[in-house]
Amino acid sequence: MSQQAMQQVLIMGGGSSGWMTAAVLAKHLQGTGISVTLVESAQIGTIGVGESTVPPFVQLLHHLNIPLADFMKQTQSTFKLGIDFVNWQGPEHSYFHPFGAVGINLNHHEFFQCWLRQQQAQPGPAYEAYSPCWHMAQQQRFFLPSDAPDTPIASADFALHVDASRVAGYFKDYACRLGVCALTGDVCEVNTHASGALASLQLQDGRVLTADFFIDCSGFASRLLGQACDSQFEHWNQWLPCDRAWAMATAAPSDLPNYTQAIAEQAGWRWRIPLQQRLGQGHVFASGFVDEEQALDTLLSAAAQRGEELLNAPRLLRFQTGMRKQLWRHNCVGIGLAGGFIEPLESTALHLVVRGALFLLRYFPHSSHNTADRALTDMAILAQEYNRAMTRDYEEIRDFIILHYCLSRRDDSDFWRYCGAMPLPDSLSEKLALYRLRGIRRHTGDDLFGDSSWHAVCAGMGELPVACDPLVHSLAGEQVEQALERYHQQLSQAVPRLPSHSEFLQRFCWHAD
Ligand SMILES: Cc1cc2nc3c(=O)[nH]c(=O)nc-3n(C[C@H](O)[C@H](O)[C@H](O)COP(=O)(O)OP(=O)(O)OC[C@H]3O[C@@H](n4cnc5c(N)ncnc54)[C@H](O)[C@@H]3O)c2cc1C
């Protein structure tokens, strides 16, 4: 039986997701004879936010052989060592979710269990205080962990704060250099085969773009996957009620922080994301609990209190939290906002774009959809696996974001009372029940948020397990105490010797504008 080879892939949408996907495909499909074309509208803008990332974003740059310093210079990036959560348990409360390792294991016992045992014997420094990233963030210092082997800094990790509009441009240049064809035009019609598979996109200027496979990166409109392929949207707003954000920029502070801030408010939270030339600020809020004007007032008042100079007028963004039930349907995959969105509390949307692109390569349909029955069956098998893998990722992240809300004991507004009382997804209830026993995280393979993330958020929110792992009692109490003290001291001594974040940026990747 002959199967026609896949020849043409068409991406609709030139935001961060479209161009990041194009870059990944361009690198991997080189020499296969498969052409990649991307069509973007000159009229319909990109969403223009998405400035905080997670460490796998840096791994993507490495994977694409993109020099970190060049990328950071062109996208006016800064380093990010974690997230500072402020007021999530009420006024004067804060905790830090650091990247990288926290502590070091003691005789094969997990560090968290040793810390917990010590904490139960005699409360000492917080869990996060054993993280190199926390120390660097507190002192606004930075050094590349890979350039500090054999020091406690080596176990740190980092992500970036990036200028969203420049990111898409950077990946566009990269993808076009590797042969991706960039077209400008507005898609006005989508033509389908009798099977429901997509056949071509009609542009307003009369051009018709055919392809064997389509990638929908058209943003919230989800023009191909949602509208043309009718993949239904599954809402998660019963667990994540925030559905709006105001976004704006203020002048960059003179001393650039190396972390994102997430400051809890009456009906949502505010972000502060430092870039080389400006500070991105926004207020994510639940319109069911606060109106748009009040939310804007919260954002503007906070900036005014600090005397911060506005660089642009605040923009209102409306969104729905959830995902398409099938991210791959027929011959179409939705990546980025076209596939789904989880509010940006842990900066995970661009990560899901990368996962979407990499899983697509893994399950790539090398034969074309409309030739033989066999090709259709193959496509369905691949689509099923893709959907399984991506749904798992989305749900893992969803549960972790809900965790931040459901652990809050704030009761000073209807929003927080709702969050404290809402029924949780079964998957999260089960994970929490296990965690509360003795700090064990459900093991599910390659989760984005591993043990130290769960420990940081749970300990930060005051949610300690009932008991520590009984096996850790095989260690002598003084042994645990001394090991913790020694490591804390090593970090306290190593970090002050590092350059400040601003100095490091100046040397490594400063953008002169
Ligand atoms: C409030 C908020 C804060 C966020 N913060 C973060 C964060 O900190 N970290 C993070 O990782 N992510 C964040 N995100 C998500 C992030 O912004 C997006 O995941 C990312 O920008 C990718 O968007 P996109 O490319 O899917 O869509 P878009 O940027 O909306 O791009 C859509 C593209 O489709 C094109 N298009 C649409 N219709 C047509 C048409 N008819 N014809 C031709 N072209 C068309 C448009 O021109 C555009 O090029 C945030 C999102 C929101 C809402």
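The values are calculated or read from the model by the stated rules, or taken from the named source; none is laboratory data. Because the structure is predicted, anything quoted here is derived from the model rather than measured. Positions of Cβ are generated from backbone atoms using ideal geometry, with glycine treated the same way; all protein chains shown enter the neighbour counts.
Table: residues versus (1) farther than 30 Å from residue 154 by Cβ; (2) touching a Phe, Trp or Tyr at 6+ places or on another chain (Cβ under 8 Å); (3) in the same structural domain as residue 141 (by TED's automatic domain parsing).
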residue	(1), (2), (3)
16	yes, yes, no
21	yes, no, no
33	yes, no, no
45	yes, no, no
60	no, no, no
76	no, no, no
98	no, yes, yes
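Counting only strands (runs of 3 or more DSSP E) that sit completely within region 10-91, those holding 3 or more residues that are over 23 Å from residue 263 (Cβ atoms) and touching a strand residue (DSSP E or B) at 6+ places or on another chain (Cβ under 7 Å) correspond to 35-40.
Does residue 225 satisfy being in contact with an Asp or Glu (Cβ under 6 Å, 6 or more places away or on another chain) and under 30 Å from residue 383 (Cα atoms)? Spelling it out, residue 225 is indeed in contact with an Asp or Glu (Cβ under 6 Å, 6 or more places away or on another chain) and under 30 Å from residue 383 (Cα atoms). Checking each residue in region 211-221 for being within 10 Å of the ligand (Cβ to nearest atom), on the phi < 0 side of the Ramachandran plot and small (Gly, Ala, Ser) picks out 218, 221. Restricting region 169-210 to residues that are under 30 Å from the mean Cα position of the chain (by Cα) and within 17 Å of residue 334 (Cα to Cα), the residue that is nearest to the ligand (Cβ to nearest atom) is 187. When residues in region 37-92 are screened for being hydrophobic (A, V, I, L, M, F, W, C), more than 8 Å from the ligand (Cβ to nearest atom) and more than 19 Å from residue 172 (Cα to Cα), 6 of them pass.
Taking the criterion of being in a helix (DSSP H, G or I) and either within 6 Å of the ligand (Cβ to nearest atom) or modelled with pLDDT under 95 (or both), the residues of region 339-352 that qualify are 344, 349, 350.
To keep it simple, each residue is scored yes or no on (1) under 29 Å from residue 333 (Cβ atoms); (2) β-branched (Val, Ile, Thr).
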{"site": "231", "(1), (2)": "yes, no"}
{"site": "237", "(1), (2)": "yes, no"}
{"site": "242", "(1), (2)": "yes, no"}
{"site": "250", "(1), (2)": "no, yes"}
{"site": "257", "(1), (2)": "no, no"}
{"site": "293", "(1), (2)": "no, no"}
{"site": "310", "(1), (2)": "no, no"}
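Just one of the listed residues (446, 469, 451, 414) is not assigned by TED's automatic domain parsing to the domain that holds residue 113 and not β-branched (Val, Ile, Thr), and it is 414. Filtering region 290-323 to residues that are within 21 Å of residue 398 (Cα to Cα) and either in contact with a Phe, Trp or Tyr (Cβ under 6 Å, 6 or more places away or on another chain) or more than 13 Å from the ligand (Cβ to nearest atom) (or both) leaves 319, 321, 322, 323.
Conditions (1) surrounded by fewer than 18 Cβ atoms within 10 Å (Cβ to Cβ); (2) touching a Lys or Arg at 6+ places or on another chain (Cβ under 8 Å); (3) in contact (Cβ under 8 Å) with a residue 12 or more places away in the chain, marked per residue:
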| position | (1), (2), (3) |
| --- | --- |
| 155 | yes, no, yes |
| 164 | no, no, yes |
| 168 | no, no, yes |
| 174 | no, no, yes |
| 215 | no, no, yes |
| 219 | no, no, yes |
| 223 | no, no, yes |
| 227 | yes, no, yes |
| 231 | no, yes, yes |
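Listed conditions (1) more than 14 Å from the ligand (Cβ to nearest atom); (2) surrounded by fewer than 23 Cβ atoms within 10 Å (Cβ to Cβ) are all met by residue 9, apart from (2).
For residue 149, the conditions (1) outside any strand (DSSP E or B); (2) buried (at least 20 other Cβ atoms within 10 Å of the Cβ); (3) more than 10 Å from the ligand (Cβ to nearest atom) are fulfilled apart from (2).
Of all residues in region 181-194, those that are assigned to a loop (DSSP other than H, G, I, E, B) have Cβ atoms under 8 Å from Cβ atoms of residues that are of a type in the set (Ser, Thr, Tyr), 6 or more apart or on another chain, in 185/41; 186/41.
For region 251-276, the candidate set comprises residues that are surrounded by fewer than 22 Cβ atoms within 10 Å (Cβ to Cβ) and away from the ligand (no atom under 16 Å from the Cβ); within that set, the residue that is nearest to residue 311 (Cα to Cα) is 251. Please verify whether region 383-392 includes one or more residues that are more than 22 Å from residue 237 (Cβ to Cβ), within 16 Å of the ligand (Cβ to nearest atom) and not hydrophobic (A, V, I, L, M, F, W, C). Looking through region 383-392, none of the residues is more than 22 Å from residue 237 (Cβ to Cβ), within 16 Å of the ligand (Cβ to nearest atom) and not hydrophobic (A, V, I, L, M, F, W, C).
Scanning region 245-293 for residues that are more than 26 Å from residue 55 (Cα to Cα) and not hydrophobic (A, V, I, L, M, F, W, C), we see that the one that is nearest to the chain's Cα centre (by Cα) is 265. Criterion applied to 439, 420, 477, 460 was being at positive phi and not charged (D, E, K, R), and the one residue passing it is 439. Within region 476-494, the set of residues being among the hydrophobic types (A, V, I, L, M, F, W, C) and surrounded by fewer than 17 Cβ atoms within 10 Å (Cβ to Cβ) comprises just one member, 476. Looking across region 306-338, the residues that are in a loop (DSSP other than H, G, I, E, B), closer than 21 Å to residue 235 by Cβ and out of contact with any Gly (no Cβ under 7 Å at 6 or more places or on another chain) come down to 319, 320, 321, 325, 326.
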